[in-house]
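Below you'll find the structure, written out as C-alpha cells, and then a few comments.
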Amino acid sequence: MIMGMTPIWYSNLFGAFMFIGNIYIGWACLGLLTILLVKSSKSFAETISTAQLWDTGKLTFGFCMIWGYFFFSQFLPQWYGNLPEETQWMILRTREFPWKGLGWLTFFMCFVIPFVLLISEDIKRAPKFLVPVLLCILCGVWLEKFMIIMPELSPDRIPYSFPEIVLQLALFLGFASIYVLCLRWFLSRFPFLPVSHPMTHGSRDW
C-alpha cells in the first residue's frame, strides 16, 4: 500500500526493510519496558539483572546494523542505477526542501547515533545511558515512517499545523494506551517468569 502511493517507484527490498524496522523498534520497546518494570516493581528488579539488559542492548545493536544493511542495499542500486522513476523518490527525501533535513535526521537517529553509542558495553548495561538511546531509536523509526509517507501527500511543505500535530499525537497516545492496558492486564493474571520451569532459577543467577 505504501509503494502504491508512488506507482512508478518500486523496490524488491521494501517489504523486508519495513519488517526489519518493526523488529528493530520492537527490541527498543522491550528494552524500555524492561527498565520501566525494574524501576517500578521490586519483584522485577530481583528477576532482571544487568546481564538481561545487556542482552537486550546487544540485540538492539544487532538489528541496528541489519537496518543499516537493508537501507544501503535498497539505496545504492537505485541511486547508482540512476533511473528517474526510482531516484526521484530518494531525491525528494534527501535533496529537496523542506524534506532533506528530516531525511538526514532520520538516518542519524535510526543508525548513526545508536550504532556509535551501543558499541559500548557500559552503555548497554546502564539504564540511565541506555534509555536515551532507545528513545532515539523509537523517535527515529517513527520519523522514518513519517518520511516514507508524508512527502508523497505534501511534497511542498511539512504538515505541522496545530490540528495535524494534535491528530498524530492523539493516534500515538491512543494506541500506546491500549498497549499499556493490555500489558497490565496480562501481567496481573499471568506470571512474568515460568515458575515451574526447571531452568528458571539457574537463569536468574547467570
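Among the residues of segment 57-102, which ones are over 19 Å from Thr6 (Cβ atoms), touching a residue at least 60 places away in the same chain (Cβ under 8 Å) and either touching an Asp or Glu at 6+ places or on another chain (Cβ under 8 Å) or β-branched (Val, Ile, Thr) (or both)?
Thr60
Are any residues in segment 34-49 surrounded by fewer than 16 Cβ atoms within 10 Å (Cβ to Cβ) and modelled with pLDDT of 85 or more, and if so, which ones?
If the condition is that a residue be surrounded by fewer than 16 Cβ atoms within 10 Å (Cβ to Cβ) and modelled with pLDDT of 85 or more, then Leu36, Lys39 are the ones that fit.
Report, by residue number, each residue of segment 1-12 that is at pLDDT 85 or above and either in contact with a Leu (Cβ under 9 Å, 6 or more places away or on another chain) or part of a helix (DSSP H, G or I) (or both).
Passing the criteria: none in range.
Tell me, please, whether a residue that is over 24 Å from Phe17 (Cα atoms) and under 18 Å from the mean Cα position of the chain (by Cα) can be found in segment 165-175.
Yes: segment 165-175 contains one or more residues that are over 24 Å from Phe17 (Cα atoms) and under 18 Å from the mean Cα position of the chain (by Cα).
Across segment 119-129, what is the number of residues that are touching a Leu at 6+ places or on another chain (Cβ under 7 Å) and either loosely packed, with under 12 Cβ neighbours inside 10 Å or within 22 Å of Asn22 (Cβ to Cβ) (or both)?
Looking only at that region, the number is 1.
State yes or no: is Ile20 surrounded by 14 or more Cβ atoms within 10 Å (Cβ to Cβ), of a type in the set (Val, Ile, Thr) and either in a helix (DSSP H, G or I) or touching a residue at least 60 places away in the same chain (Cβ under 8 Å) (or both)?
Yes: the conditions hold for Ile20.
Identify, from the list Gly15, Gly62, the residue that is under 18 Å from the mean Cα position of the chain (by Cα), more than 16 Å from Lys145 (Cβ to Cβ) and not in a loop (DSSP other than H, G, I, E, B).
Gly62
So is Trp67 under 30 Å from Ser188 (Cβ atoms) and under 14 Å from the mean Cα position of the chain (by Cα) or not? It would help to see each step written out before you state the result.
Details: under 30 Å from Ser188 (Cβ atoms): no; under 14 Å from the mean Cα position of the chain (by Cα): yes.
So Trp67 fails the test.
Based on this model, can you work out whether Ile113 counts as of a type in the set (Val, Ile, Thr), in contact (Cβ under 8 Å) with a residue 40 or more places away in the chain and touching a helix residue (DSSP H, G or I) at 6+ places or on another chain (Cβ under 7 Å)?
So Ile113 fails the test.
Tell me which of these Pro127 doesn't satisfy, since it passes every other one: (1) at pLDDT 95 or above; (2) touching a Lys or Arg at 6+ places or on another chain (Cβ under 8 Å).
For Pro127, the failing item is (1).
The values are calculated or read from the model by the stated rules, or taken from the named source; none is laboratory data. No experiment lies behind these values; they were computed from the predicted model shown. Here the Cβ is made from the backbone with ideal geometry for all residues, glycine too, and neighbour counts use every protein chain on show.
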